[in-house]
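Here is the structure we will look at, set down as structure tokens.
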Amino acid sequence: MPSEWKEEKLKYKYAELPEEPIRGKKKPKKKTKKSDHKHLYTDCILTVYGYYNDSTLYVRGSYCPICGKLDNVFLQDQFTEYEAEHSGLPFFREKIDFFSKYVPNK
């Protein structure tokens, strides 16, 4: 004699499926915000956190002067503070994280 839960399981196992499957509501797609201008990137010098010994690195990068969006950060091009100030490129003194998307207070 099967137990109650086995009978219950068999009852649902062989039950007929509804004609139309039950579907949940679709989530609206997230729309990405597009820029109102074409990014024209120019070179600059950025101040980046040094992860290994908490030092400060001055590296070359490129940013859009209109909105401040960062494009590339080149860690292999490192400068001293004196070279960064006298390079003739825009120089951002505020430290940024390597994964930042925008320059600080352009």
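All of the numbers you see were taken from the coordinates with simple rules; none came from a lab. Worth saying up front: this structure is predicted, and the values here are computed from it rather than measured. Quick reminder, even Gly has a Cβ in these numbers, built from the backbone with ideal geometry, and neighbours come from all protein chains shown.
From the convex hull of the Cα coordinates of the chain, what is the mean projected area in square nanometres?
Numbers: hull surface 63.6 nm².
So the mean shadow area of the Cα hull is 15.9 nm².
With +1 assigned to the C-beta of every Lys and Arg and -1 to the C-beta of every Asp and Glu, and no other charges, what is the dipole magnitude of the range 44-106 about the Cα centre in debye, to the nearest 20?
Values: 6 positive and 8 negative charges, 58 e Å.
The dipole magnitude comes to about 280 debye.
If you line up the long axis of helix 4-13 against the longest principal axis of the chain, both from Cα atoms, how many degrees apart are they, to the nearest 10? For helix 4-13, the angle is close to 70 degrees. For the chain, the relative contact order is 23 percent, taking Cα pairs closer than 8 Å that sit 6 or more residues apart in sequence and dividing their mean separation by the residue count. Here the Karplus relation 6.51 cos²θ - 1.76 cosθ + 1.60, evaluated at θ = phi - 60°, turns the backbone of the range 81-91 into coupling constants of 5, 5, 5, 5, 5, 9, 7, x, 8, x, 10 Hz, with x for every Gly and Pro.
Residues whose amide H falls under 5 Å from that of residue 102, counting only those 5 or more places apart or on a different chain, are 70, with hydrogens built in the peptide plane. Here the peptides 58-64, 95-101 are ranked by packing, the mean other Cβ count within 10 Å, and the order with the highest first is 58-64, 95-101.
Dividing the summed helix terms, -39500 (n - 2.57) for each DSSP H run of n ≥ 4, by the number of residues in the chain produces a 222 nm estimate of -3500 deg cm²/dmol to the nearest 500.
Computed over the range 42-96, the P(r) curve from all C-alpha pair distances, binned at 10 Å from the origin, holds 26, 58, 16, 1 percent per bin.
Hey, got the dipole for the chain? About the Cα centre, +1 on K and R Cβ, -1 on D and E Cβ, debye to the nearest 20?
840
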